[in-house]
Amino acid sequence: VPQGLLRAARKSGSLNLAGRGLGEVPQHVWRINVDTPEEAHQNLSFGAADRWWEQTDLTKLILASNKLQCLSEDVKLLPALTVLDVHDNQLTSLPAALGQLENLQKLDVSHNNLDSVPEELLQLSRLKSLLLQHNELSCLPAGFGQLVSLEELDLSNNRLTDIPASFASLTNLVRLSLACNQLTNLPADISAMKSLRLLDCSKNYLETVPSKLATMAALEQLYLRRNKLRSLPQFPSCKFLKELHAGENQIEILNAEDLKHLDSLSVLELRDNKIKSVPDEITLLQKLERLDLANNDISRLPYTLGNLPQLKFLALEGNPLRTIRRDLLQKGTQELLKYLRSKIQDDVSKPSGEPPVTAMTLPSESRINVHAITTLKLLDYSEKQADAIPDEAFDAVGNNPVTTVNFSKNQLSRIPPRITELKDWVCDVSLGFNKISCISPELCILHKLTHLDLRNNLLTSLPEEMEALTRLQIINLSFNRFKVFPCVLYHILTLETILLSNNQVGSVDPLQLKQMDRLGTLDLQNNDLLQVPPELGNCEHLRTLLLEGNPFRTPRAAILAKGTAAVLEYLRSRIP
């Protein structure tokens, strides 16, 4: 270990020795605050920069990504440590002396070969974050609940078959991951974790979930994917539950009762189950944004699904649906919801029906669906191969509050100027599959816009004026000609989804993306990214990050295949 590093560490209190191929930790690292430093013997000057005796105790020691097989008991010579990071080594055990580091707040021993946790570790009364994922733990000490300050605990990817009952004492725990273990049940006592917001039990052997779990009032995200559940648990008290992931189970029935109390839910993921029908009560989930029902046995859907006001993503592929054509499923969520809404309308208006086209019908009326304008608030002039939207389309709107505009699949080379007439109502505009090469200021006046689809055009840039779209949540710019990430998007902080696949984007700015704390989905597939900045890993709000089909070398395809969380974790580990 270079003397310069040790000198700097004495001043800063932080020493980073990650990725140095160390087989063991040199003795002078443990003794950094005990021994008189080298420079004391050589340097007798009294300049401010050389006051070796004015040193700071080491508080942060990073030994990650080395070849360490054990840690010395001398770790106790660093009593001021608050952070100790030894992830990605070859440790098979931990020293008992760890229990003497009474100031330790974060301990990362993930990605090692540990098969047990020493009892002494339970003395760390100030420990807030304990990362033990990717080891070989088959059991935990019974007194684990003594770690009462813990806020984050990751035990994923081990061999645990049960959880100590003392977990009930971890009342400050906010995030708990038990994913990828061999658990067959959860102790009902964990319902005492009143602060828990995220619980991940994916990839275990759970057949049921204790009913007491329903009393966990703070729970916001629950992951139960890839277990053996036969029914969805009921959550009467989980008023804040926002995400429920229960895909790849054996759930056959979705009861109205199961859905009744989930009124805060924004994500419901039930793909790859055996669900046969969806109850009408699904429409009680008024805040639902993502509903994944792919690969089930559903043959019909309640048309009222089309009325869920926030729904942005609906996956239904792989179901034996009789009422919905397959090509419609491939057109995406918005088209599907419009179809479902139109079916509600059909059910209502079947007795009277639309007036037939007769010799007295004006041509403009037959070309423009006035019925859609008045009942669905939809102005649809799509698939006409038109190079301009005719005036009669806008004239037909009159005073009707149109919220959705579909001008896709035409030959438009610019934004229709009269679209500004709809600025007080319109929130969803589709201009995909045209020949638009630049965005005119007209579009930037639509201040209520939440959803903008510009895919398959000839765009190379976006105007700064788009910053005025302060409600925009979803923008689709796939299959255009962007060579750089459009800067204006960084300033639209309401964005939740950016789809930019199949362009020629060469770089992104991770620091600006980190500010976009609502951004959950970023699709950059099939672009020209030569490298992925490691700082992108700090964008922990991203739930879906798609990077396949770019020319960068790292992260490798195997890491990309593990999904967004793994990619972000990998990128964070590469931050210098």
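Observations
- Of the strands (runs of 3 or more DSSP E) lying entirely inside the stretch 92-196, those containing at least 1 residues that are closer than 19 Å to Leu219 by Cα and among the charged types (D, E, K, R) span 152-154, 175-177.
- Residue list for the stretch 234-264, restricted to those being under 17 Å from the mean Cα position of the chain (by Cα) and open to solvent by 60 Å² or more (accessible area, probe 1.4 Å): Lys242
- Tallying residues that are within 14 Å of Asn476 (Cα to Cα) and of a type in the set (D, E, K, R) within the stretch 435-459 yields 2.
A quick yes/no check of all residues on (1) more than 17 Å from Glu496 (Cα to Cα); (2) in the same structural domain as Asp528 (by the TED database); (3) among the hydrophobic types (A, V, I, L, M, F, W, C); (4) open to solvent by 70 Å² or more (accessible area, probe 1.4 Å):
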{"position": "Gln411", "(1), (2), (3), (4)": "yes, yes, no, no"}
{"position": "Pro417", "(1), (2), (3), (4)": "yes, yes, no, no"}
{"position": "Ile436", "(1), (2), (3), (4)": "yes, yes, yes, no"}
{"position": "Cys444", "(1), (2), (3), (4)": "yes, yes, yes, no"}
{"position": "Ala468", "(1), (2), (3), (4)": "no, yes, yes, no"}
{"position": "Arg471", "(1), (2), (3), (4)": "no, yes, no, yes"}
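- Matching residues in the stretch 450-466 - criterion: being touching a residue at least 24 places away in the same chain (Cβ under 8 Å) and either open to solvent by 60 Å² or more (accessible area, probe 1.4 Å) or not assigned by the TED database to the domain that holds Leu519 (or both): Arg455, Ser461, Glu464, Glu465
- Condition met for Ser110 (in contact with a Lys or Arg (Cβ under 8 Å, 6 or more places away or on another chain) and within 19 Å of Glu569 (Cβ to Cβ)): no
- Restricting attention to the stretch 538-576, the residues being assigned to a loop (DSSP other than H, G, I, E, B), without any contact (Cβ under 8 Å) to a residue 40 or more places away in the chain, over 16 Å from Asn526 (Cβ atoms) and of a type in the set (D, E, K, R) number 5.
- When Ala218 is tested against the conditions (1) open to solvent by 10 Å² or more (accessible area, probe 1.4 Å); (2) under 20 Å from Leu114 (Cβ atoms), the lone failure is (2).
- All of Ser149, Ser211, Ser129, Ser166 fail the test of being more than 26 Å from Gln90 (Cα to Cα), of a type in the set (Gly, Ala, Ser) and out of contact with any helix residue (DSSP H, G or I) (no Cβ under 9 Å at 6 or more places or on another chain), apart from Ser149.
For every residue, the table says whether it meets (1) more than 20 Å from Glu289 (Cβ to Cβ); (2) open to solvent by 60 Å² or more (accessible area, probe 1.4 Å).
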position	(1), (2)
Leu477	yes, no
Pro486	yes, no
Ser507	yes, yes
Gly520	no, no
Leu530	yes, yes
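- Only residues that are without any contact (Cβ under 8 Å) to a residue 40 or more places away in the chain, of a type in the set (Gly, Ala, Ser) and closer than 25 Å to Glu569 by Cβ were counted in the stretch 64-106, giving 1.
- Leu241 being touching a residue at least 24 places away in the same chain (Cβ under 8 Å), in a loop (DSSP other than H, G, I, E, B) and touching a helix residue (DSSP H, G or I) at 6+ places or on another chain (Cβ under 9 Å): no
- Residue selected from the stretch 95-120 under the condition hydrophobic (A, V, I, L, M, F, W, C) and surrounded by fewer than 22 Cβ atoms within 10 Å (Cβ to Cβ), by the criterion nearest to Pro79 (Cα to Cα): Ala97
The values are calculated or read from the model by the stated rules, or taken from the named source; none is laboratory data. Computed from a predicted model, the values in this text were never measured in an experiment. Virtual Cβ from ideal backbone geometry, glycine too; neighbours counted across all protein chains shown. Protein only, heavy atoms only, side chains kept; ligands, DNA and RNA dropped before computing areas. Shrake-Rupley method; radii C 1.70, N 1.55, O 1.52, S 1.80 Å.
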